[in-house]
Amino acid sequence: MHRLGWMCLCACMLVTTPLCAQECYEYDSQWGHYGIGEGEFNLPDDVALDGRGNVYVVDTDNHRVQKFTTDGTFVCQWGSFGSGDGQFDLPHGVAVDGGGYVYVADAGNDRIQKFTSSGGYLTQWGHSGSGEGEFYSPYGVAVDGSGDVYVTDTYNHRIQKFGATGGFKLKWGSHGSGNGQFELPDGIAVDGSGNVYVADSYNHRMQKFGSDSTYVTQWGSVGCGDGQTYWPRRVAVDASGDVYVTEVGTPCNNRVQKFTSSGGYLAQFGSFGSGDGQLYSPTGVAVDASGTVYVGDTRNYRVQKFRLCLPIAVQPATWGHVKSLYR
């Protein structure tokens, strides 16, 4: 386990209220490096958490899922390259439901597989195609509080919704850049109210929908500024409804951004590199009940943890005097 240094990237605006709290995140720890052994990775992608303090990581190019405790201690793994039950071909997405069952978007096999928390195979659904319940490289998967499963059917440019055992319920989306259309949708998440958030990767934006597919809003654009989203990959929602998005498009976009549920910018952390708290093509993201954020740092072959740092009280600006935002 690695616990060297910490970093904060804080966002705060001067206001006329007595105090303004800067929200920031600092590096906590990390685990993993390149390899095929236990706790090693070859392009780790999505990350998911269960209610018992376990972390599930899709180890994409090793064609497996690895399970860890929240401090990075290896628990178990399952999967190998192939198309049989419990085998994978470049898995990308992972989600865990309230009962601890694990769903994996097995992209190269055009299917979703469901497992117990220890990797026991339960069922699967989907095959190659563009009809209802068929997939073309599904990358993302999420589960709502009722146990319904949402899948980003990436190369069909749509979202599909299923019951917990794969019964088809509905689909929405088509190829394009209009409201409710997609260009290679990737990550997907569902909040406690049933709202669905989709990383519309090649449209460089986030889209929000109701659980019935009703379009709600969108945010993001090409660029490196606050709130801009160049190639957003994955998305997570915390218990307060705030939204976390990973980006991988350019060196300046190797970061995680945090938004309100309507897309208001809140904070960001990460920068391009391989040091503590730096990221190289971050993909998976998950948030636990304490607000700790887990990031699949894909091309650094590791998982990193970030925690909320203590807020810094900043006095308001007054005419003729501007208080420094820096310590």
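Computed quantities for the displayed model
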item: Single condition ASP212 does not satisfy, out of (1) in contact with a Phe, Trp or Tyr (Cβ under 7 Å, 6 or more places away or on another chain); (2) among the charged types (D, E, K, R); (3) over 27 Å from ASN62 (Cα atoms); result: (1)
item: Flag for THR298 being open to solvent by 10 Å² or more (accessible area, probe 1.4 Å), more than 19 Å from TYR27 (Cα to Cα) and at pLDDT 95 or above; result: no
item: Of all residues making up the range 87-118, the number that are charged (D, E, K, R), farther than 16 Å from SER137 by Cβ and not in a loop (DSSP other than H, G, I, E, B); result: 1
item: Count of the range 241-265 residues which are under 22 Å from GLN160 (Cα atoms) and open to solvent by 20 Å² or more (accessible area, probe 1.4 Å); result: 1
item: Strands (runs of 3 or more DSSP E) wholly inside the range 122-200 containing at least 2 residues that are open to solvent by less than 10 Å² (accessible area, probe 1.4 Å); result: 138-143, 149-153, 158-162, 185-190, 196-200
item: Residue count for the range 71-81, restricted to those that are touching a residue at least 60 places away in the same chain (Cβ under 8 Å) and buried (at least 16 other Cβ atoms within 10 Å of the Cβ); result: 1
item: Some residue of the range 269-279 being open to solvent by less than 70 Å² (accessible area, probe 1.4 Å), assigned to a strand (DSSP E or B), at pLDDT 95 or above and touching a Cys at 6+ places or on another chain (Cβ under 9 Å); result: yes
item: Residue in the range 66-88 that is within 25 Å of ASP191 (Cβ to Cβ) and under 16 Å from the mean Cα position of the chain (by Cα) present; result: no
item: Filter result (closer than 19 Å to VAL248 by Cβ and part of a loop (DSSP other than H, G, I, E, B)) within the range 208-230; result: GLY220, SER221, VAL222, GLY223, CYS224, GLY225, ASP226, GLY227, GLN228, THR229, TYR230
item: Count of the range 301-327 residues which are modelled with pLDDT of 65 or more, out of contact with any Gly (no Cβ under 6 Å at 6 or more places or on another chain) and open to solvent by less than 50 Å² (accessible area, probe 1.4 Å); result: 4
item: Residue within the range 64-86 that is within 21 Å of PRO282 (Cβ to Cβ), touching a Lys or Arg at 6+ places or on another chain (Cβ under 9 Å), among the β-branched types (Val, Ile, Thr) and not in a loop (DSSP other than H, G, I, E, B) present; result: no
item: Looking only at the range 102-121, and only at residues there that are farther than 13 Å from ASP89 by Cα and β-branched (Val, Ile, Thr), the one that is surrounded by the fewest Cβ atoms within 10 Å (Cβ to Cβ); result: THR116
item: Qualifying positions in the range 231-268 - polar (S, T, N, Q) and not in a loop (DSSP other than H, G, I, E, B); result: THR246, ASN253, GLN257, GLN268
item: Looking only at the range 201-240, and only at residues there that are among the β-branched types (Val, Ile, Thr) and in contact (Cβ under 8 Å) with a residue 40 or more places away in the chain, the one that is surrounded by the fewest Cβ atoms within 10 Å (Cβ to Cβ); result: THR217
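Residue by residue, here is whether (1) in contact with a Gly (Cβ under 9 Å, 6 or more places away or on another chain); (2) crowded, with 16+ Cβ neighbours inside 10 Å; (3) of a type in the set (Val, Ile, Thr) holds:
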{"residue": "ILE36", "(1), (2), (3)": "no, no, yes"}
{"residue": "LEU49", "(1), (2), (3)": "no, yes, no"}
{"residue": "VAL57", "(1), (2), (3)": "yes, yes, yes"}
{"residue": "PHE68", "(1), (2), (3)": "yes, yes, no"}
{"residue": "GLY100", "(1), (2), (3)": "yes, no, no"}
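The values are calculated or read from the model by the stated rules, or taken from the named source; none is laboratory data. Just so you know, these numbers come straight off a predicted model, no measurement behind them. For neighbour counting, all protein chains shown are included, and Cβ atoms are generated from backbone atoms with ideal geometry for every residue, glycine included. Accessible surface areas use protein heavy atoms only, side chains included; no ligands, DNA or RNA. Shrake-Rupley method; radii C 1.70, N 1.55, O 1.52, S 1.80 Å.
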